[in-house]
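Report on one structure; see the data block that follows.
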Amino acid sequence: MDTQVLTTFLFLTVVAATVGITFWASRQTKTAADFYSGGRSFSGFQNGLAIGGDYMSAASFLGISGAIAVYGYDGFLYSIGFLVAWLVALLLVAEMLRNAGRYTMADQLAFRMSQRPVRTAASISTVVVSIFYLLAQMVGAGSLVALLLGVDSQAIKNITIIGVGALMIFYVVVGGMKGTTYVQIVKAVLLMIGSALIVVLVLAKFNFNLSELLGTAADNSGKGEAFLQPGLQYGATLTSQIDFLSLGLALVLGTAGLPHILIRFYTVPTAQDARKSVLWAIGLIGAFYLMTLVLGFGAAALLDRSAVDPLEGGNQNLASPLLAEAVGGGDGSTGGAILLALIAAVAFATILAVVAGLTLASSSSVAHDLYKGVIKKDQAVSEKDEVKVARIAAFVIGAVAIALSIPAQRLNIAFLVALAFAVAASANLPSIIYNMFWRRFNTRGATWSIYGGLVAAVGLVLLSPVMSGLPTSLFPDSDWAIFPLNNPGIISIPIGFLLGYIGTVTSRDPAAEDRFTELEVRALTGAGAEQAAQH
Amino acid sequence: MTEQEQAERHDPIYDRLHASPEFTELRRRYRGFVFPATAAFLVWYLLYVILSNWAGGFMSTRIVGHINVALVFGLLQFVTTFGLAWMYARFSAQKLDPLARQLDAEYRAGGDA
């Protein structure tokens, strides 16, 4: 069977299924609460699946397995950091946020701070983080489709990026949170089944002996035992070791500051359901990241080095789909064609679910925080108008993401996502933690920590080797890199926390301190928290 | 700051609930679990990152076949994450939820009065 025909068929099936779900969900989306939070009527289990679908992105499925396939053990840090990070969300954030907020990340700050400054700041950082994250997904979609069509054509990659952008705008505009959630649930199930299938087939090639798989990967990598040890990618110099530490910090502290994850906690009726969702999500995400280990080392063991190593002209983002083809019987075989098409369709569904979540988070924040909370603060805004603005914002954000993705295609997608995590950990996490646990925290502290963390993280990336100075940079022919690290977290996260502290102790905001009493009671007990819609 | 944009002064029932011994106990239990637990998993995770960076020899020690300390250490991070999540689920269901429900019920009763 012809791979292209089969792949095209499966891709269209994924698109048709998600479009159908979206239309169905749109008929149940009437109020603003439906659009933003799906009426808060999802169960803990459903939301746990949706969180998995929102979180396990192209960076996880394509990026991590690619990083392990090329750099061996060092790629595994992503899996570990991405999972351990969920403990921050579980223990410190999920339940209290559910009780304290309504629709967006900014709500819990606006609860006791001056509305305009904190909503503006939180909305800007929501949009910046989401766009960084969107870039990674869309770049992944471009390379995936080009691989399947068997042509390394820039035009096809660009068309794919535009198509994915158009679809994500459609999901959000038409389906709102309900549509997005169901797309994410379907994707989570497909991703787990697809990955498990490849993992079993890979392990079967090695008689289910992990050690044998690792040994073959090490031999085939040309690096020997060093491939299985830490340090291949990051161990060369002190600078790269500090970069590794910086990445590790950004991963573990970023998750609980990602706006598209945070708004998922609003989709359940109670804080206990928010906790249950995170527990399900941890189980699902943990199982998936264990599988990335087999996918990555499997690709290293079974694929030709030149297929995945960028130094030999390969594309590391394609390790998983190529591995599927290899275990199905290889290039040209029917089994290989079927599995390649299947895994590519799973990856495509993965990307669509994540970009929908990101677009929803950022457009919600533009409508609810910037439009209703800041621009029209002193006027009544009808729910209908607010949701209309959210839909328009989804268009604009989608267009910006498309425009920025096209030049970003040279970068590894796990790495791009790590930058989004660094920005989230620096700009968003400090104010969330301070707000929930520190009565004295106030408006100046919140805005300083958000803007400070944001400017530090983005500024350091602009001055880093990611942008210029190296052959792998976005602008390889120029060199203005004065900051040596690829990941800014180790500097920008402390800056976010420190500025939040300094801003707070240099100003007083008695109303914010007073309102902390209500915030704390509400966050811990649920007294007065938003209720689920009655349908 | 001259302009106060915050919402109106809150319902006094929150002050009463906040001052109640049940709430103090709920907050004490919650913080008593999550603060040490957060410190513990962050230290454990950073230990892993630091050992990967600066204790390559130790991490590269082979245990059986091609399976080395680094891999086992990484897999242990999964085990501790699952374990801590499970412990928190049990703790909160037994020690936190009953108190939170009681306070929420008082709030609802007070709100209706």
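Of note:
- All positions within segment B:49-65 that are part of a loop (DSSP other than H, G, I, E, B) and touching a strand residue (DSSP E or B) at 6+ places or on another chain (Cβ under 7 Å): B:Ser60, B:Thr61
- Count - residues of segment A:68-105 that are more than 28 Å from A:Ile242 (Cβ to Cβ) and either within 7 Å of chain B (Cβ to nearest Cβ) or touching a Leu at 6+ places or on another chain (Cβ under 9 Å) (or both): 10
- Within segment B:32-49, restricting attention to residues that are facing chain A (nearest Cβ under 7 Å) and among the β-branched types (Val, Ile, Thr), the residue that is surrounded by the most Cβ atoms within 10 Å (Cβ to Cβ) is B:Val49.
- Leading residue by the ranking (farthest from the other protein chains (Cβ to nearest Cβ)) among those in segment A:278-294 that are under 16 Å from the mean Cα position of the chain (by Cα) and under 27 Å from A:Ala218 (Cβ atoms): A:Phe288
- Pair list, Cβ under 8 Å, 6 or more apart: segment B:53-72 residue facing chain A (nearest Cβ under 7 Å), other residue in a strand (DSSP E or B) and surrounded by fewer than 16 Cβ atoms within 10 Å (Cβ to Cβ): B:Asn68/B:Arg62
- Residue under evaluation B:Asp11, criteria (1) at the interface with chain A (Cβ under 8 Å from one of its Cβ atoms); (2) at pLDDT 90 or above; (3) surrounded by 15 or more Cβ atoms within 10 Å (Cβ to Cβ), criterion not met: (2)
- Being touching a Gly at 6+ places or on another chain (Cβ under 8 Å), closer than 14 Å to A:Ile402 by Cα, modelled with pLDDT of 90 or more and aliphatic (A, V, I, L, M) is a property that A:Ala166 has.
- Scanning segment B:17-30 for residues that are more than 8 Å from chain A (Cβ to nearest Cβ) and within 21 Å of the chain's Cα centre (by Cα) yields B:Glu22, B:Thr24, B:Glu25, B:Arg28, B:Arg29.
- Total residues in segment A:295-315, condition crowded, with 24+ Cβ neighbours inside 10 Å and more than 20 Å from A:Gly224 (Cβ to Cβ): 1
- Segment A:201-213, residues that are within 9 Å of another protein chain (Cβ to nearest Cβ) and either more than 24 Å from A:Gly81 (Cβ to Cβ) or within 29 Å of the chain's Cα centre (by Cα) (or both): A:Asn209, A:Ser211, A:Glu212
- Per the listing A:Gly503, A:Gly489, the residue uniquely more than 30 Å from B:Ile13 (Cβ to Cβ), touching a residue at least 12 places away in the same chain (Cβ under 8 Å) and within 26 Å of the chain's Cα centre (by Cα) is A:Gly489.
- Looking only at residues of segment A:218-244 that are facing chain B (nearest Cβ under 8 Å) and crowded, with 21+ Cβ neighbours inside 10 Å, we find that the one that is farthest from A:Ala106 (Cα to Cα) is A:Ala218.
The values are calculated or read from the model by the stated rules, or taken from the named source; none is laboratory data. Remember, predicted model here, so these are calculated numbers, not experimental data. Because the Cβ atoms are built from the backbone with ideal geometry, glycine has one as well, and the counts that use them run over all protein chains shown.
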